[in-house]
Amino acid sequence: MKMCGIVFSNIYDSTMGELTAHRTVASMPFGGRYRFIDFVLSNMVNSGIYNIGVITKYNYQSLMDHLGAGREWDLGRKNANLYILPPFGTGVSNVYRGNLEALNNAMTFLNATKPDYVLMCDTTVICNIDYDEALQSHIDSGADVTVIANNEIKSYECDSNDFVITVDENGVVNDLAIGYMLDGKPLIGMGMFIIARKTLINIIESYVSRGRYSFEKDYLLSRFVDGSVKINAYEFKGHVLRNHNTLSYFKNNFKIMNEEIRADIFKSDAPIYTKIRDEAPSYYHEGCQVKECTVADGCNIYGRVDNSIIFRDVVIEKGATVRNSIIMQGSRIGAGANINYAIIDKNVTVSPTAELMGASSVPVVVHKGDTVNGK
Amino acid sequence: MYTIRKECIAMLLAGGQGSRLLVLTENTAKPAVPFGGKYRIIDFPLSNCVNSDIDTVGIMTQYQPLELNAYIGNGAPWGLSRNFGGVHVLPPYAKSDNSEWYKGTANAIYQNMSFVDMYNPKYVLVLSGDHIYKADYSEMIRFHKKKNAECTIAVLDVPIEEASRFGIMNTNDDDSIYEFEEKPAQPKSTKASMGVYLFNYDVLKKYLTEDEADPNSSNDFGKNIIPKMLGDGKRMFAYQFNGYWKDVGTIRSLWEANMDLLDHEVPLDLKDPDFKIYARNYAQPATYISSTAENINSLIAEGCTIKGKINNSIISTGCSIGEGAVINHSVIMPNVTVEPGAVVEYAIVGENCNIGNNAVVGTNYDNAESSDINICVVGKGRKIADGETVTE
């Protein structure tokens, strides 16, 4: 219990378009039965982090509904707790101007909690990681901050928010850029930082009061340029799925059908927990045709489904064809409907014979609860 | 000390060995036997209690209780982790004057009367842990009150030709019971007892105490308590249950009850959002169905990897079915691996089994008469070698 966790639930809301109109980015559905936040919470709990604050500013009803007291993540115990940290007072309903501003709202939590270290995490990066090893690396390095990062594939397209670093042979960061691919063998930050709790409290107080809100840009980058901060890198070697925007989110959902990635992210010795919904097993009816799919519990499938992610409690009626799509919880695809490259949000009704055609680079997004009319 | 009183608590008999389930209950109590892809048999009576607003359940265990105890835990999966009430596992225990196993169904409750007294209930519902059905007990309680009964027994109509396999209640027009016959050769009625009894606790307490004092009694509800109460002219009524009910005490009936989930004519709805069947869930990802898979009229739970052909079967949580493997009219219990090319037909495969490459389990009865079908069972954790053939 050396480290507590802080989860930022809203920071990248604006990158997911329609999908975050009614939810925080942390509650984005993923992989048939999960929300983004399940991965970071499960990783924390599996690493022995039992004091976790989830910072949130708006749209957090679905998140609160999902998390409850945290029982499903083995939190909500006497000595293991999940705190949802909404803003104090009323303020302008907007995303935080930066994670330091968000943290400023979590000062009560940071002051009251006991562990000496804080792990700060976004929710958009999906992986299965042991944070205890990262903490050990942080302590051994004697650095002020440890950034958890990985080596991305050659064709990786740098996102404007990416924290790009190069490191020396001791793992100490020797170059740093935000949103710019460095030469050499750069590592890309995974939105996860380890820092001493007392240090973090000091940074928040002195930076926010001067109108500086970004931990990465205002603190790390400018202090790094001054040479007044030592940053350690902990290189994570497992699979990493980064959800920068709707398109990368769309593609990442399909990656868990790769056997190697699936085994690496859903480990039996470090399970990913989520809210239990007590659905019955899924029913594959006579005449259905399901190929290359991820299917959660509670579905009734009569039609044809190819290369798709089917969340809980979905009905795909007879003669319907669903290809290359994500169908979220509780949606119903009517008889004879034809869907290709679509993201169908929760509780959508696609009427019989309706057609929805997106492209692999531009999937159609259907808003939560909408009805798509037939021909 | 609370002085709250519970109107009705349930006492669930889960101590039976279930020896007719053969290898499936070698190390597992019958109520903990997996069912329907993600459930265990006990999930049905427990969920029925919760859906009937009964929030206090004592589970009497005796035979191989470890797995059952671990499964029940603090009762949270069923919403039974309560401050006052909730679920309690009640094994036999040593007392100052004597220590004994549960001698019979009535004795099991007799030995736990101090537990019942803690809640001081008006009614006690006695249930057994080996039946698959969905029932709202609160309707039975209403019936019991309306009839001003001292004991109400749930019954269901069975075909007259099968009636001699059951305990049969012979009733008057007002549903009052005048006679109880255990497995009668010449049944007079088709009202079979479901093993669900509702008692006024004060009456039950008196009869359990008297029964215990009788050295000739076998301390059983069906054999002793019910006949004795009838003989004494107690107000006893039969509550008619309409719906699906199945005793899953044999391999054949367990297989049939699983297959019933794949029959659209059978009224057992696991998906009713107003009457859910709860179960302890283990964190498993959604199921992956590969491009080589084929699923025909089957139930597949989460956490599986399906690459083979599944026909009219139940695949439980955490199973892996290899490419080219065929599962036909079978029940695959949790965490089973079926290697590529293996064939499993008309079989029940116990938890954690491994069926080797090209192994054959069971026999194809696709064109056989139902009475000729002989279900093959593979016991929990067994490994079937590559190419091996197992038919019984």
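The values are calculated or read from the model by the stated rules, or taken from the named source; none is laboratory data. All values reported here derive from a predicted model rather than from experimental measurement. Every residue, glycine as well, gets a Cβ built from its backbone with ideal geometry; the counts of neighbours run over all protein chains shown. The accessibility values were calculated without ligands, DNA or RNA, using every heavy atom of the protein model including side chains. Shrake-Rupley method; radii C 1.70, N 1.55, O 1.52, S 1.80 Å.
Points worth noting:
- Every residue from the stretch A:208-249 that is touching a helix residue (DSSP H, G or I) at 6+ places or on another chain (Cβ under 7 Å), farther than 30 Å from A:Ala342 by Cα and open to solvent by 30 Å² or more (accessible area, probe 1.4 Å): A:Arg212, A:Tyr213, A:Asp218, A:Tyr234
- Candidates B:Val33, B:Val50, B:Val57: the one that is touching an Asp or Glu at 6+ places or on another chain (Cβ under 9 Å) and either closer than 21 Å to B:Tyr197 by Cβ or open to solvent by less than 10 Å² (accessible area, probe 1.4 Å) (or both) is B:Val33.
- Matching residues, the stretch B:144-160, being under 24 Å from B:Asp247 (Cα atoms) and surrounded by fewer than 19 Cβ atoms within 10 Å (Cβ to Cβ): B:Asp157, B:Val158, B:Pro159, B:Ile160
- Summed over the stretch B:383-392, residues that are closer than 14 Å to B:Ala347 by Cα and open to solvent by 40 Å² or more (accessible area, probe 1.4 Å) total 3.
- Of the criteria (1) in contact (Cβ under 8 Å) with a residue 40 or more places away in the chain; (2) within 11 Å of chain A (Cβ to nearest Cβ), which one B:Thr292 fails: (1)
- Strands (runs of 3 or more DSSP E) fully within the stretch A:265-375 counting 2 or more residues that are open to solvent by less than 50 Å² (accessible area, probe 1.4 Å) and more than 12 Å from chain B (Cβ to nearest Cβ): A:321-323, A:338-340, A:342-344, A:364-366
- Residue that is farthest from the chain's Cα centre (by Cα) [pool: residues in the stretch A:209-244 that are over 30 Å from A:Leu19 (Cβ atoms) and β-branched (Val, Ile, Thr)]: A:Val225
- Scanning the stretch B:337-392 for residues that are touching a Cys at 6+ places or on another chain (Cβ under 9 Å), acidic (Asp, Glu) and within 19 Å of B:Lys309 (Cα to Cα) yields one hit, B:Glu345.
- Residue count, the stretch A:24-52 (criterion: open to solvent by less than 10 Å² (accessible area, probe 1.4 Å) and away from every other protein chain (no Cβ under 14 Å)): 11
- Residue match in the stretch A:115-123 (condition: within 18 Å of A:Ile188 (Cα to Cα) and acidic (Asp, Glu)): yes
- Scanning the stretch B:329-349 turns up no residue that is aromatic (Phe, Trp, Tyr) and within 23 Å of A:Lys291 (Cβ to Cβ).
- Set side by side, the residues B:Phe275, B:Phe221 differ, and just one is closer than 24 Å to B:Tyr123 by Cα, within 14 Å of another protein chain (Cβ to nearest Cβ) and not polar (S, T, N, Q), which is B:Phe275.
- Failed condition for A:Asn111, given (1) polar (S, T, N, Q); (2) touching a helix residue (DSSP H, G or I) at 6+ places or on another chain (Cβ under 9 Å); (3) open to solvent by less than 20 Å² (accessible area, probe 1.4 Å): (3)
- In the stretch A:3-62, the residues that are among the β-branched types (Val, Ile, Thr), outside any strand (DSSP E or B) and either touching a strand residue (DSSP E or B) at 6+ places or on another chain (Cβ under 6 Å) or within 19 Å of A:Asn81 (Cβ to Cβ) (or both): A:Ile37, A:Val40, A:Val45, A:Ile49, A:Thr56
- Residue in the stretch A:44-53 that is in the same structural domain as A:Asn252 (by TED's automatic domain parsing) and free of Cβ contacts under 8 Å to residues at least 60 places away in the same chain present: yes
- Taking the stretch A:53-72 as the range and being open to solvent by 10 Å² or more (accessible area, probe 1.4 Å) and of a type in the set (A, V, I, L, M) as the test, the residues that pass are A:Met64, A:Ala69.
- Given (1) assigned to a helix (DSSP H, G or I); (2) in contact with a strand residue (DSSP E or B) (Cβ under 6 Å, 6 or more places away or on another chain); (3) more than 14 Å from chain B (Cβ to nearest Cβ); (4) not basic (Lys, Arg), number of the condition A:Val225 does not satisfy: (2)
- When the stretch B:354-368 is filtered for residues that are more than 20 Å from B:Leu254 (Cβ to Cβ) and surrounded by fewer than 13 Cβ atoms within 10 Å (Cβ to Cβ), the ones remaining, listed by number, are B:Asp366, B:Asn367.
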